[in-house]
1. If only one of A:Leu95, A:Leu125, A:Leu90 is facing chain B (nearest Cβ under 9 Å), closer than 30 Å to A:Pro190 by Cα and of a type outside the set (Gly, Ala, Ser), which one is it?
2. Would you mention how many residues in region A:25-48 are farther than 24 Å from A:Leu268 by Cβ and under 30 Å from the mean Cα position of the chain (by Cα)?
3. Just to be sure I understand the filter: pairs with C-beta atoms under 6 Å, separated by 6 or more residues or on different chains, first member in region B:120-139 and facing chain A (nearest Cβ under 7 Å), second member among the basic types (Lys, Arg). Which pairs pass?
4. Please verify whether B:Ser251 is touching a helix residue (DSSP H, G or I) at 6+ places or on another chain (Cβ under 9 Å) and more than 10 Å from chain A (Cβ to nearest Cβ), treating the condition exactly as stated.
5. Of A:Ala67, A:Ala42, A:Ala34, which residue is open to solvent by 50 Å² or more (accessible area, probe 1.4 Å) and among the small types (Gly, Ala, Ser)?
6. Please go through region A:107-119 and pick out each residue that is surrounded by fewer than 17 Cβ atoms within 10 Å (Cβ to Cβ) and at the interface with chain B (Cβ under 7 Å from one of its Cβ atoms).
7. Any residue that is open to solvent by 20 Å² or more (accessible area, probe 1.4 Å), in contact (Cβ under 8 Å) with a residue 24 or more places away in the chain, of a type in the set (S, T, N, Q) and within 13 Å of chain B (Cβ to nearest Cβ) - is there at least one of those in region A:210-225?
8. Pairs needed: first member in region B:55-82, without any contact (Cβ under 8 Å) to a residue 12 or more places away in the chain; second member anywhere, assigned to a loop (DSSP other than H, G, I, E, B); C-beta distance under 7 Å; at least 6 residues apart or different chains.
Amino acid sequence: MTKKSRLERTFDVCLYTVLSVLVVITLYPLIYVAFASISDAAYIVAHKGILWKPVGVNFEAYKSVFANDAIWSGYKNTLFIIVFGVILNLFMTSLGAYVLSRKNVMLNKPFMIFIIITMFFHGGLIPFYLVVKGVGLLDTLWAPIIPFAINTFNLIILRTSFQSIPDSLEEAAKMDGANHLVILFRIILPLSLPIMAVMTLYYAVDKWNGWFYSSIFISDRDLFPLQLVIREILIANSTEGMSSGGSGNDLFQIGETIKYATIMVSTLPILMVYPYLQRYFVKGVMVGSLKG
Amino acid sequence: MRPSASPSHAGKPVKSREIVVSRLVKDLALNKYLYMMMIPVLAYYILFQYGPMYGAIIAFKEYSPIKGIVGSEWVGLAHFQSFFESYYFWRILKNTLLLSLYSLCFEFPAPIILALLINEVRNKRFKSIVQSVTYMPHFISLIVICGIIKDFTNSGGLINTFITYLGGDGQAMLQKPELFRSIYIISDIWQGMGWTSIIYLAALMNVDQEQFEAARIDGAGRLRQIWNVSLPGILPTIIIMLILRIGNLLSVGFEKIILLYNPAIYDTADVISSFVYRKGLLEFGWSYSAAVGLFNSVVNLILLVLANRLSKKFSENSLW
């Protein structure tokens, strides 16, 4: 008995150690970025290795980031894409999910096959680009919205959820003379608020983080969403335009902290809402995985 | 749900077809509003999902934007041939397969192990901290992640500084072809492990508690319980995830590759999809690039069908 409980204890010690190390490894890069963003640029450039606290606290980098018009227009464009994109996503997805969740619709099975095929086979990037170009969406903010109106996986999750709503409610509404649109918007959707919240979050995060298709569809810099603006600063390393005045070396130094500040400015919004939203996300994954 | 009228006339297909048609006409009339609601949804799929599938025929043509898809001339398999014979074919095929294989070996098991570990934690508070923290990187945008990777692995960056302590030469790590795969895979695990573990945690919650009970009575320690109860309990989930993973074997996350790679490391970093992107959209080789993309899609589909069939045969789990 004692031997076994000692084994148990060893197991627990290992378990907690491994997971704690994991937590630190996951969290530290972000903490480093946060510290570095409010540190003195000269120090960050000269100093190598771990940062335990911000050094020579100042907010110069943030000032430069917020003085950059591209960041603001990026925020504005992203907001546009999220608001109209998510509205379209929710409308189209629930429309499809509603019809496909109805029984006794003869063509529903062919429809499902028609839709599911697209999960496994694609025409490819170039033909997709040509379609979007052909429709005339290039260089508009609708390019990252309309071609992504429905996510098939979300459609299937929502359909499954709609199917679980008892038929009797629908029948009662029909007796009262309600048509399908009324049933969908007055009965089904209000009953599906939790799953609709999950859908909203999934779509919104996709839009917030999406950059690739914007980068190939949009070349007008005034229409760049936030992520593309960030890409220029982080990946292409062009911070020159952002820090005014000073010598070349100063520019280089502040450029380093501007990168960190940019990361914070673009990541904080999502990290701030994340704790509140986490359980909805988790719920969504669970629904998806159980039916997947 | 079978058509009830047909069995007695099974020998006369003409009649049963008539019945189906008349039933369909009736159904279209009865559910006409539902079908009308379906129109925008179908329109979306036809235009933006099937449209590109149709457009993929430019792989067999010499596409010219002026002549359009229909007007462009047929060239048969010429683009495929020049792709298969090119120097790039073996390089990007090898890179794609290796990266996928590494991701299968290292990235795939990571969330399973994490879920099994989290499942063993009895302290609720600690458990929720571990979960919240490990899920978090999933929500950080890829651009930011790649920005951080580039910065940390740069000469003088956080990680590179450590490597220098351990005897590295301190050069920017993303300039070295031999390091690309490790950087790619490790950062992928860092970002995705926690999030993917949710699926397995959900499956673990459905494992019958009595089985743990029984195993304990039989004297099984914690590791034995994980091995003999937890793991078999989530095996069906693991297999489904594996099939899906294999079906995407050739489409490694190329957005990340595009953000991280540079000509110095094309030798290990360039994969099929990044090649398609570069040749097609940056160098305007529409048809050639479409051929490469089509090759990728077809191989993926074949792999998916194969994986599904194998799994059906050996484990009774399948996607369809």
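1. A:Leu95
2. Number satisfying all stated conditions: 0.
3. Filtered contacts from region B:120-139: B:Val121/B:Lys127.
4. no
5. A:Ala67
6. A:Phe114 - this is the single residue of region A:107-119 that is surrounded by fewer than 17 Cβ atoms within 10 Å (Cβ to Cβ) and at the interface with chain B (Cβ under 7 Å from one of its Cβ atoms).
7. Yes, region A:210-225 has at least one match.
8. Note: pairs meeting the criteria are B:Ser64/B:Ser72.
The values are calculated or read from the model by the stated rules, or taken from the named source; none is laboratory data. Bear in mind that the values here come from a model prediction, so they are computed numbers and not experimental data. When we count neighbours, we look across all protein chains shown, and the Cβ atoms used for this are built from the backbone with ideal geometry, even at glycine. Side chains are part of the model used for accessible areas, which takes the heavy atoms of the whole protein and leaves out ligands, DNA and RNA. Shrake-Rupley method; radii C 1.70, N 1.55, O 1.52, S 1.80 Å.
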